[in-house]
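> First the structure, then my questions, so here it is.
The values are calculated or read from the model by the stated rules, or taken from the named source; none is laboratory data. Because the structure is a prediction, the values reported are computed rather than measured. Neighbour counts run over all protein chains shown; Cβ positions are idealised from the backbone, glycine included. Accessible surface areas use protein heavy atoms only, side chains included; no ligands, DNA or RNA. Shrake-Rupley method; radii C 1.70, N 1.55, O 1.52, S 1.80 Å.
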Amino acid sequence: MADEQPVRLHCFAHAGAGISSFHGWPRDLGADVRAEPHLLPGRESRRNEPRVTGKDALLADLLDRFVPGAPDLSAPYVLYGHSLGAVVAYTLTRALHEAGLPLPALLAVGAGPPPDAPSDLSDACRADDTELLRLLGDAGAVPEYARPGGFWHRAVLPVLRDDLILAQALRAAAREPLADGRPLPVPLLAVAGAGDPLAPPGTMAGWSRWSRHPVVTRTVPGDHFFVHGRALPRLLGRACRVVRRTATTVTPAP
């Protein structure tokens, strides 16, 4: 990798979110790391597009951005997914592996239980609004200003529900064994929030079962939405600089 070329950190957000969670990251990542958030359909500038709720539709939207010749993939890169984004990043990495395409030098996941662990929110994706809102409220995902019939309930809750349906579908697909019966051949970083009620440090440690390469676990301050703090981008910036020094693009064996 050319010394002046930044490490690309491809980011995937939590359920119901666009890419605004990552807007403040450049100040903490460092000049040699560049965040590349990926906006899923149905939100922000893509709000008029149909939302994806299954693996095939997700990969149809994402996979072409990560094939040889795609922009910004001439050097090792890193994926980070937060909550829903964790299983999105895992699903993308697995699809690249199954297609025999170059893999990320590091897969980083945060605030999302591994696919073989319970997930209170995605498991309740088809619950009635009352139960779903209770769970979302317990997780701190319902803003204080939200009122029944108001903008948040009309515009955000449907996106959240569809994203939880997507998460449930991706988690089920991830539990299907790979062809060789082994975990992915990608180094993995699992990050937990110290006060996260949905994916506490002990749960995030379960990601160690999902890679045959080294798995590192870290805990940062914050609750489920520690993506908004400064500790996470600083940690990922350091991880990307390790990649910059040591990694080559990981290409799976045929």
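> Counting only C-alpha contacts under 8 Å and six or more residues apart, can you give the relative contact order of region 101-254 as a whole percent?
On the way: 205 pairs, mean separation 52.2, N = 154.
The value is 34 percent.
> Right, something else. Quick one: 3J(HN,Hα) in Hz for region 234-246, Karplus 6.51/-1.76/1.60 with θ = phi - 60°, rounded, Gly and Pro as x.
My calculation for region 234-246 gives 5, 4, 5, x, 5, 4, 5, 5, 4, 4, 4, 7, 10 Hz in order.
> Report the net charge of residues surrounding residue 54, where surrounding means a beta-carbon distance below 13 angstrom and charges are Lys +1, Arg +1, Asp -1, Glu -1. Working shown, then result.
Values: positive: 51, 55, 171; negative: 56, 61, 162, 163.
For residues surrounding residue 54, the net value is -1.
> Answer with a single label: of (1) 33, 20, 19; (2) 47, 25, 16; (3) 28, 20, 18, which was calculated as semi-axes √(5λ) of the Cα gyration tensor in Å from the structure in view?
Among (1) 33, 20, 19; (2) 47, 25, 16; (3) 28, 20, 18, the one derived from this structure is (3).
> Would you be so kind as to identify which of 30, 166, 143 lies farthest towards the positive end of the dipole of the chain, taking Lys and Arg as +1 and Asp and Glu as -1 on Cβ and the Cα centre as origin?
30
> While we're here: Under the rule a/c < 1.5 gives rounded, and otherwise a/b versus b/c splits prolate from oblate, where does region 52-92 land using the Cα gyration tensor?
Oblate is the answer for region 52-92, as a/c is 1.5 or above yet b/c matches or exceeds a/b.
> Over region 1-130, what is the relative contact order in whole percent, taking alpha-carbon pairs under 8 Å and six or more residues apart? Intermediate values should be presented prior to the final figure.
On the way: 182 pairs, mean separation 32.7, N = 130.
Dividing the mean separation by the residue count of region 1-130 yields 25 percent.
> Let's see if you can work this out: charge +1 on each Lys and Arg Cβ, -1 on each Asp and Glu Cβ, no other charges. What is the dipole magnitude of region 1-136 about its Cα centre, in debye to the nearest 20?
Numbers: 12 positive and 18 negative charges, 38 e Å.
Dipole of region 1-136, to the nearest 20 debye: 180 debye.
> Mind checking which of 119, 208, 20 has the largest fluctuation in a GNM of the chain, springs on alpha carbons under 10 Å?
Highest fluctuation among the options: 20.
> Note down the magnitude of the dipole of the chain about its Cα centre, charges +1 on Lys and Arg C-beta and -1 on Asp and Glu C-beta and zero elsewhere, to the nearest 20 debye.
It comes to approximately 480 debye.
> Exposed loop GluC sites (Glu not before Pro) only (DSSP loop, at most 12 other Cβ atoms within 10 Å): please give the longest stretch of the chain free of them, not including the sites.
Working: sites that count: 4, 144.
After excluding every exposed loop site, the longest remaining stretch is 5-143.
> At 1.4 Å probe size, with the rest of the protein present, what percent of the exposed accessible area of the chain is carbon and sulfur atoms?
Working: 5920 of 11360 Å².
About 52 percent, which is the carbon plus sulfur part of the accessible surface.
> When ligands, DNA and RNA are left out and all protein chains stay put, how many square angstrom of accessible area per residue does the chain have with a 1.4 Å probe?
Working: 11360 Å² over 254 residues.
Per residue, the chain has an accessible area of 45 Å².
> Running a GNM on the chain with Cα contacts under 10 Å, which residue among 124, 31, 190 ends up with the highest mean-square fluctuation?
Sorting by GNM fluctuation, first place goes to 31.
> Considering only DSSP states other than H, G, I, E and B, which trypsin sites (Lys or Arg not before Pro) in region 133-183 qualify as loop sites with at most 15 other Cβ atoms within 10 Å?
Details: sites: 134, 154, 161, 171, 175; in loops: 175.
Qualifying residues, ordered by number: 175.
> Under the classification rounded if a/c is under 1.5, otherwise prolate if a/b is larger than b/c and oblate if not, where does region 1-96 fall, given a ≥ b ≥ c as square roots of the Cα gyration tensor eigenvalues? Mind dumping the intermediate values first?
Details: a/c = 1.99, a/b = 1.35, b/c = 1.47.
Oblate shape, in that a/c is at least 1.5 and b/c is the bigger or equal ratio.
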